[in-house]
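Since the structure comes first, as structure tokens, the remarks are kept for the end.
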Amino acid sequence: MRFRFSRSHPYPGAVVSVIDDPPQGSNCVIEFGDGVVIVAGARTDGDAHLLDIPAYRTARGSNVGPGEWRVARSPRGGWRAHPRR
């Protein structure tokens, strides 16, 4: 599977495009709005996707720490990301 975040990093309520490529085991590809592409852990939770995003560096050189994110359909339409606690 592939996920495309509209910005250079995930944040609560971020818009995410979910591309239904065939699953690649327990990994997925994540593309960020600044062109950075990473491999992350992924699994499903009902209709949602749980992403284990490793630390990475944005195109401008900012470090982003690792995090766990839940990507689910929004009542407003589309997919949105929310941090897992």
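What percent does the relative contact order of the chain come to when contacts are Cα pairs within less than 8 Å and at least six residues apart? The normalised contact order for the chain reaches 28 percent.
Suppose every Lys and Arg Cβ carries +1 and every Asp and Glu Cβ carries -1, with no other charges. What dipole size does the chain come out with about its Cα centre, to the nearest 20 debye? Walk me through the numbers on the way to the answer.
Details: 12 positive and 8 negative charges, 65 e Å.
Rounded to the nearest 20 debye, it is 320 debye.
For the chain, the residue among G35, P12, G46 whose Cα projects farthest onto the positive side of the dipole built from Cβ charges is P12. Hydrodynamic analysis of the chain uses the Kirkwood radius over alpha carbon pairs. Inserted into Stokes-Einstein at 10 °C and 1.306 mPa s, it gives a translational diffusion coefficient of 125 µm²/s.
Carbon and sulfur atoms: what percent of the 1.4 Å accessible area of the chain do they account for?
Values: 2460 of 5120 Å².
Here carbon and sulfur together make up 48 percent of the probe-accessible area.
Each other residue within a Cβ distance under 13 Å of F32 adds +1 if Lys or Arg and -1 if Asp or Glu, for a net charge of +3. Applying the criteria of a DSSP loop state and at most 12 other Cβ atoms within 10 Å to the trypsin sites (Lys or Arg not before Pro) of the range 35-67 yields R60.
The values are calculated or read from the model by the stated rules, or taken from the named source; none is laboratory data. No experiment lies behind these values; they were computed from the predicted model shown. Here Cβ is always computed from backbone atoms with ideal geometry, including for glycine, and neighbour counts include all displayed protein chains. Just so you know, the surface numbers come from the protein's heavy atoms only, side chains and all, with ligands and any DNA or RNA stripped out. Shrake-Rupley method; radii C 1.70, N 1.55, O 1.52, S 1.80 Å.
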